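The next block holds one structure in the form of structure tokens; read it before the comments.
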Amino acid sequence: MENCIFCKIAAGEIPSDKVYEDEDMLVFRDIRPQAKVHCLCVPKTHFATLAEMDGAQAEVLKKCLMKIPDIAGRLGLDGGYRLIVNQGKDAGQTVFHLHIHILGGQDLGEKLL
Ligand code: AMP
């Protein structure tokens, strides 16, 4: 997808602080971390929101969800972590390429969920 920053990161055109990569997904550290550990799990295939997702993309998202516990282990998030998937502008979505925030490395409290 032209002009999509996460497509460019996934294609290696823009550098990222990569934590994990395979043929389906890329996980890299967020440039504006909201917790001690803050990574983004990004499916390599472009779709903006869950509303746009087709069956093949749903399979990729499933692979992402199944891989995240392993990635969390690599990141040392043994005490737990929070996943956030912002959907649309009211949720504060700023990059319209679906991504899963992985937050942890500290007590996140109970304020947001
Ligand atoms: P969202 O607000 O849910 O769309 O989240 C987008 C996230 O992408 C924000 O937390 C940004 O800090 C992060 N972000 C934007 N550009 C980059 C980048 N080049 N490298 C890493 N994270 C980025």
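What is the percent carbon and sulfur in the accessible area of the chain, measuring with a 1.4 Å probe over the protein chains and ignoring ligands?
Ligands and nucleic acids excluded, carbon and sulfur reach 52 percent.
Give me the distance in nm between label points sitting 7 Å out from Cα along the Cα-to-Cβ direction at Q93 and I5, one decimal.
In this crude spin-label approximation the distance works out to 1.6 nm.
In debye to the nearest 20, how big a dipole does the chain give about its Cα centre with +1 on each Lys and Arg Cβ and -1 on each Asp and Glu Cβ?
300 debye
How about the chain: what cysteines have no other cysteine beta carbon under 4.7 Å from their own?
Isolated Cys, the chain: C39, C41, C64.
Rank L98, L108 by accessible area, highest first, at a 1.4 Å probe radius?
Solvent-accessible surface, decreasing: L108, L98.
What is the extension gain from E110 to D24, computed as 0.36 nm multiplied by their sequence separation minus the C-alpha to C-alpha distance, in nm to one decimal?
Residue separation times 0.36 nm, minus the Cα-Cα distance, leaves 27.7 nm.
Solvent-accessible area per residue for the chain at a 1.4 Å probe radius, Å²?
I get 60 Å² per residue for the chain.
Compute the signed sum of charges (Lys and Arg +1, Asp and Glu -1) over the other residues within less than 14 Å, Cβ to Cβ, of G55.
-1
Using modelled backbone amide H atoms (1.01 Å from N, in-plane), which distant-in-sequence or interchain residues come within less than 5 Å of Y20's amide H?
V27
Under the rule a/c < 1.5 gives rounded, and otherwise a/b versus b/c splits prolate from oblate, where does segment 39-113 land using the Cα gyration tensor?
On the way: a/c = 2.58, a/b = 1.36, b/c = 1.90.
Judged from the Cα gyration tensor, segment 39-113 comes out oblate (a/c at least 1.5, b/c at or above a/b).
Please determine, in degrees from 0 to 90 and to the nearest 10, the orientation of helix 55-74 with respect to the longest principal axis defined by the Cα atoms of the chain, where the helix direction is its Cα long axis.
Approximately 30 degrees, to the nearest ten.
The values are calculated or read from the model by the stated rules, or taken from the named source; none is laboratory data. Computed from a predicted model, the values in this text were never measured in an experiment. Ideal geometry is used to build each Cβ from the backbone, glycine not excepted, and the neighbour counts take in all protein chains shown. These accessible areas exclude ligands, DNA and RNA; they are computed on the full protein's heavy atoms, side chains included. Shrake-Rupley method; radii C 1.70, N 1.55, O 1.52, S 1.80 Å.
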